[in-house]
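The values are calculated or read from the model by the stated rules, or taken from the named source; none is laboratory data. Keep in mind that what you see is a predicted model, and the values were worked out from it rather than measured. As a convention, Cβ positions derive from the backbone with ideal geometry for all residues, glycine included, and neighbour counts pool all protein chains shown.
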Amino acid sequence: MKVLVIKRDKLGDLLLTTPLLAQLKASLPGVETHLLANDYNAWVVAGNPHIDRIWVYRRVRNAGRASLGAALQWLWQSIALRRERYDWVVIANGDESPRAIRRGLSLGGTRSVARCADASKYPRLTDPLPPDVSSHEIERLMGLLLPMGLKNPDKKPVPSYTLPDASSAFALNWLAGRGLAPGGYVVLGLGARRPKKQPSTAQVLAWSAHLKQRWGLDTVFMWTPGRSGDPQYPGDDDVARPVLDAASRGLAPQIQPFRGPIPEALGLIWSARTSIFPDSGLMHFAAASPGGVLGFFAETDVSPAPAQWAPRGPKAEYLEADKSVSELPDALVHERLAALLA
C-alpha cells in the first residue's frame, strides 16, 4: 500500500502530524508513506523514520506575492505525484482546508480522505469526514485514518522531533560563550499572534527573577524577530523591547536575550531545564523536548482553546486565562514551573 499525506500548514501543525505518520507505519506493515509539504515547513520532519519520501513544493503565493516559477514547478511535480498511483491521499487537516483538499484531489489517488462540512463541494472525495470541534488536533488528525480501518491508540500520542546535530552544536557554543551550561537555564519565549496570549514585561522580569532566586536558573529570553505587521509571520520586536531595555541596564542580569533562526532556537530549547511559551509553534516543539513546557492560553472564547491545542509531551503543563495572560498570578505560574523543575 502507498499513502500520501498532505500537510501545507505552519511548523507546529506539521509537528502535530507526526503521531499520524507513526501510526501509519506501526499499523500497516509494508506501507510506503510519502509526505507532501511546502518549502517553509518540510524541514520539521527531516530524518523522520516514519516517512519514506518527502515531496517539497514551493508556495505559489508567499507574503501576498505570486510566483510563476513555483506554479510551473507544481505543474511538473503534480504529474510526477499522479504517476505514483497512491492508494490513499490523506489531507491532514483537523479542520476543513479547501485549498489542501483541491490539491489532494488533483493527484488522482484511488481513495482520498479529508474533513469537510459539505461533502457535495468535493464530488471526487471518496471518504469525507465531518469536522470535529471538540477533540485535540492530534486526535482529529489521527481520526483521518479511520476509513483505512485504523483506530486511535489507547494511550495519548505525542509529537516527535529529531533535533539536528547542527542545532545542538550551535546551542553548546552559544551557551559556552555566555557562561551557561545545558540544564542551567529556562527558555522564556514570546511568539503568540494574539497580544493577550503574551506575558507582560512585568511577568517576564518577575518570573526570571524567581527562577534565579529559587532554582538558581538563568533565563534565555526568546522572541520571534520582526515587525508585528509582517504579512508572512508577525514578529515580537516591539513587545520584547522593554525586557531587553531592562536587561541592558542591569536590572535583570539573569536574562540572556536570543534572537535567531528557529533551528538554532530549538537547539537552546532542547538543552534547557524547561521552557515557557504562549500558544504557538514553539510551544509544541518545547513540549516534545526533554525539558517540556509550560504553555499559556487566553481569550479562548475567540481563539484556539487548549482542548484542541494544548501542548502534548512527556512533560507538558499549561495555564488558561480568561482574558489575558497578564491576569495570571505569579504564584500559580511558580507552582506549575515547580512541577516541571522538580
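In contact with a His (Cβ under 8 Å, 6 or more places away or on another chain), closer than 18 Å to Ser27 by Cα and not assigned by TED's automatic domain parsing to the domain that holds Cys116 - does that describe any residue in the range 199-210?
no
Which numbered condition in (1) surrounded by 22 or more Cβ atoms within 10 Å (Cβ to Cβ); (2) of a type outside the set (D, E, K, R); (3) farther than 25 Å from Glu320 by Cβ is the only one that Pro182 fails?
(1)
Which one of these does Val60 not meet: (1) β-branched (Val, Ile, Thr); (2) at pLDDT below 95; (3) under 19 Å from the mean Cα position of the chain (by Cα)?
Answer for Val60: the failing condition is (3).
Can you confirm whether Leu172 is crowded, with 18+ Cβ neighbours inside 10 Å, over 22 Å from the mean Cα position of the chain (by Cα) and in the same structural domain as Phe258 (by TED's automatic domain parsing)? Step through it out loud before you land on a result.
Values: crowded, with 18+ Cβ neighbours inside 10 Å: no; over 22 Å from the mean Cα position of the chain (by Cα): yes; in the same structural domain as Phe258 (by TED's automatic domain parsing): yes.
No, not satisfied.
Starting from the range 26-55, take each residue that is under 22 Å from Ala286 (Cα atoms) and not assigned by TED's automatic domain parsing to the domain that holds Ala265 and list its partners that are charged (D, E, K, R) and in a helix (DSSP H, G or I), counting only C-beta distances under 6 angstrom and pairs at least six apart or across chains.
What qualifies is His50/Lys25.
Name the residues in the range 191-222 that are surrounded by 24 or more Cβ atoms within 10 Å (Cβ to Cβ), part of a loop (DSSP other than H, G, I, E, B) and not small (Gly, Ala, Ser), would you?
Passing the criteria: Gln198, Pro199.
State yes or no: is Ala252 in contact with a Ser or Thr (Cβ under 9 Å, 6 or more places away or on another chain), part of a loop (DSSP other than H, G, I, E, B), over 24 Å from Phe296 (Cβ atoms) and not assigned by TED's automatic domain parsing to the domain that holds Trp43? Explain how you work it out, then say what you get.
Values: in contact with a Ser or Thr (Cβ under 9 Å, 6 or more places away or on another chain): yes; part of a loop (DSSP other than H, G, I, E, B): yes; over 24 Å from Phe296 (Cβ atoms): no; not assigned by TED's automatic domain parsing to the domain that holds Trp43: yes.
So Ala252 does not fit the description; no.
Please find, among Thr162, Thr201, the residue that is on the phi < 0 side of the Ramachandran plot and over 24 Å from the mean Cα position of the chain (by Cα). Don't jump to the end; show me each part of the working.
Numbers: Thr162 fails: over 24 Å from the mean Cα position of the chain (by Cα).
Checking each option against the conditions leaves just Thr201.
Scan (1) among the hydrophobic types (A, V, I, L, M, F, W, C); (2) out of contact with any helix residue (DSSP H, G or I) (no Cβ under 8 Å at 6 or more places or on another chain); (3) more than 25 Å from Gly260 (Cβ to Cβ); (4) touching a residue at least 60 places away in the same chain (Cβ under 8 Å) for the single condition Ala342 breaks and write down its number.
Just one mismatch for Ala342, condition (4).
What is the number of the single condition among (1) assigned to a helix (DSSP H, G or I); (2) in contact with a Ser or Thr (Cβ under 9 Å, 6 or more places away or on another chain) that Pro234 does not meet?
So the condition that Pro234 fails would be (1).
Among the residues that make up the range 215-227, is at least one of them among the charged types (D, E, K, R), under 19 Å from the mean Cα position of the chain (by Cα), closer than 22 Å to Gly281 by Cα and in the same structural domain as Arg336 (by TED's automatic domain parsing)?
Of all residues in the range 215-227, those among the charged types (D, E, K, R) come to 218, 227.
Now narrow it down to the ones that are under 19 Å from the mean Cα position of the chain (by Cα): none.
No, the range 215-227 has no match at all.
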